[in-house]
Amino acid sequence: MLKWALMFALISIVAGLLGFTGIAAGAAGIAKILFVLFLVLFVIFLLLGLTVAKKMVD
């Protein structure tokens, strides 16, 4: 998912440099959504991993 967010960010930068502002804005929006989704899932899995590891030790 992070790979897709970075890919859309790169598309947005290239499109912005070439003057395609509509495409750049759309790709930037998609990149933002994917990055936030990645962060949310990362935190959820990190917390789940810590709680499961804590239960395994006890």
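For the list (1) over 11 Å from the mean Cα position of the chain (by Cα); (2) surrounded by 13 or more Cβ atoms within 10 Å (Cβ to Cβ), I need the number of the one condition that residue 17 fails.
(2)
For residue 42, state whether it is in contact (Cβ under 8 Å) with a residue 12 or more places away in the chain and either in a helix (DSSP H, G or I) or open to solvent by less than 90 Å² (accessible area, probe 1.4 Å) (or both). Step through it out loud before you land on a result.
Values: in contact (Cβ under 8 Å) with a residue 12 or more places away in the chain: no; either in a helix (DSSP H, G or I) or open to solvent by less than 90 Å² (accessible area, probe 1.4 Å) (or both): yes.
No: the conditions fail for residue 42.
Does residue 49 satisfy being part of a helix (DSSP H, G or I) and surrounded by fewer than 12 Cβ atoms within 10 Å (Cβ to Cβ)? It would help to see each step written out before you state the result.
Numbers: part of a helix (DSSP H, G or I): yes; surrounded by fewer than 12 Cβ atoms within 10 Å (Cβ to Cβ): yes.
So residue 49 passes the test.
The values are calculated or read from the model by the stated rules, or taken from the named source; none is laboratory data. What you are looking at is a predicted structure, and each value in this text was computed from that prediction instead of being measured. With ideal geometry, Cβ positions are generated from the backbone for all residues, glycine too; neighbour counts draw on all protein chains shown. Calculation scope for accessible area: heavy atoms of the full protein, side chains included, ligands and nucleic acids excluded. Shrake-Rupley method; radii C 1.70, N 1.55, O 1.52, S 1.80 Å.
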